[in-house]
Amino acid sequence: MSEITCYIENGFPAVISFGQPLSTAGFNIWVNAHKGLLDELLFDAGAILFRGVTMNSLETFKEVVEGMIVPRSFLESNATRTQFNPGILNASEYDPKRKIHLHTEFSHSYHFPEKLIFGCIQPADSGGATLIADNRKLTSLLDKELVRCFVEKGITYRRNLHGGSGVGPSWQECFQTEDREVVAAYCKSNNMSFSWTNNGGLLLVYTNEALRKHPVSGDYVWFNHIDQFLLSFLYEPEVFEGMLLLHGNDENALPMHVTYGDGGAIPGKFLKDLHALFEKIEVPVQWNRGEILLIDNLLTLHGRSAYEGNRKVLVSMS
C-alpha cells in the first residue's frame, strides 16, 4: 500500500484530511498505526473530524467503527432510535424542525460511553449540523455557587416509562428486554428505585452526580441531563401545558422529570443561563458525505441544528 498523506489542523474540532480518497480498509490501517497520536489529539481537542474517507454506507461505517472502537450498546436511553447493527444507531430521530440542545450522551445514567463516532452517509438539504462545544470551557463558565449546590445535593431523575404505547421510549426499549426480572435486577444493582404501574409501565427514581471526573486529566466536568429531563424548560409553555394536562397536571407523572437530589426545584434562571452559554460556545460541524467525527463524551458536548431533507448520520459508542 502506498504511503498515506494526511494534513492535521489544530482547532475545535481538530481536522485530519487525507490527501487522496482513502478506503475504509486504508483508513483502519492508518488509525491502527497512529493510535497514540489520535489519543493525544482527542484529549487535547476533545473532538476530531476526519475528511477524505470513502465512507458512504452502513457497511462502510461499520468497518470504520470496528477499526476505531469496540462498539457497545447502552441501556436507559431517553430517546427512540433505530439500531441497524449491534452498537450502530441512527444518530437522532427527533423532530427535524427542532434543535437538539447540547448534551453529553447518557449522562443521566451510571453507565455512559467514553467515546462517540458519528458518520455522515447523507447530509441534510439544509441545516442539520452536529453542534459541539468544549465541556472544559463550559464548566469553567458556570456559576460556581450553583455548581457547588449541584455537587452537594446531586440530581434526582424521575422516569415514567410506558409499556408499549405512550410518549418516548417504552421500558422494553429502554432496557432492551421484555423480561421484568432482568429489569428489576438491573435497577437493584444500580440503586435505582423502581415500581411497576397498573397500566404496564415502569416508574424509575434515582439520584446521580452533576459532574464527572475525566479518567485521564482528573478534571471534573459538567455531566448530566437536567435540561433534557425538565420538560417545563425544554418545551414552549403552550406545549408543556398540553403535556401536563394529559398527565393530570402532575409533573411527577410526566415521562421524565428532574430535581435536586433533595427534591428541591432546579432554578429556571440557571437553565436559561446554561442555554445562553450553549449558544455562545457551540460550534457547528456542517456535514459532507463521508465525514467522520470522533468525540470524547466527557470533554465535548454535542447537539443538532434543525434541518430539512433526508439526513442520515449514524453513531456508535464505546
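So here's what we get for this one:
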read-out: Nearest 10 degrees, 0 to 90: helix 58-68 Cα axis against the chain principal axis; value: 90
read-out: Nonlocal amide H pairs with ILE266, under 5 Å, H built at 1.01 Å; value: TYR260
read-out: Sorted peptide list for 287-297, 239-249, 60-70, criterion being average Cβ within 10 angstrom, highest first; value: 287-297, 60-70, 239-249
read-out: Likely footprinting exposure, ARG81, ARG148, ARG159, fewest C-beta neighbours within 10 Å first; value: ARG148, ARG81, ARG159
read-out: Restraint check, LYS137/LYS269; LYS35/LYS280; LYS213/LYS312; LYS137/LYS272; LYS99/LYS269; LYS144/LYS213, Cα-Cα greater than 28 Å; value: LYS35/LYS280; LYS213/LYS312
read-out: Most to least packed among 123-132, 164-173, 188-197 [average Cβ atoms within 10 Å]; value: 123-132, 164-173, 188-197
read-out: The chain: projected area of the alpha-carbon convex hull, averaged over directions, in nm²; value: 16.7
read-out: Under Karplus coefficients 6.51, -1.76 and 1.60, residue-wise ³J(HN,Hα) of region 26-43 in Hz, glycine/proline x; value: x, 4, 5, 4, 4, 4, 4, 7, 10, 4, x, 4, 5, 4, 5, 5, 5, 5
read-out: Calculated from backbone phi, Karplus (6.51, -1.76, 1.60) coupling profile of region 190-199 in Hz, x at Gly/Pro; value: 10, 6, 9, 6, 9, 8, 8, 8, 5, 8
read-out: Burial ordering of ARG136, ARG72, fewest other beta-carbon atoms within 10 Å first; value: ARG72, ARG136
read-out: Residue-by-residue Karplus 3J(HN,Hα) for region 110-121, coefficients 6.51, -1.76, 1.60, Hz, glycine and proline x; value: 6, 10, 9, x, 8, 10, 10, 10, 9, x, 8, 8
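Here, each number is a calculation from the coordinates, and none is a lab measurement. Quantities reported herein were computed from a predicted structural model and do not represent experimental measurements. All Cβ positions, glycine included, derive from the backbone under ideal geometry; neighbour counts span all protein chains shown.
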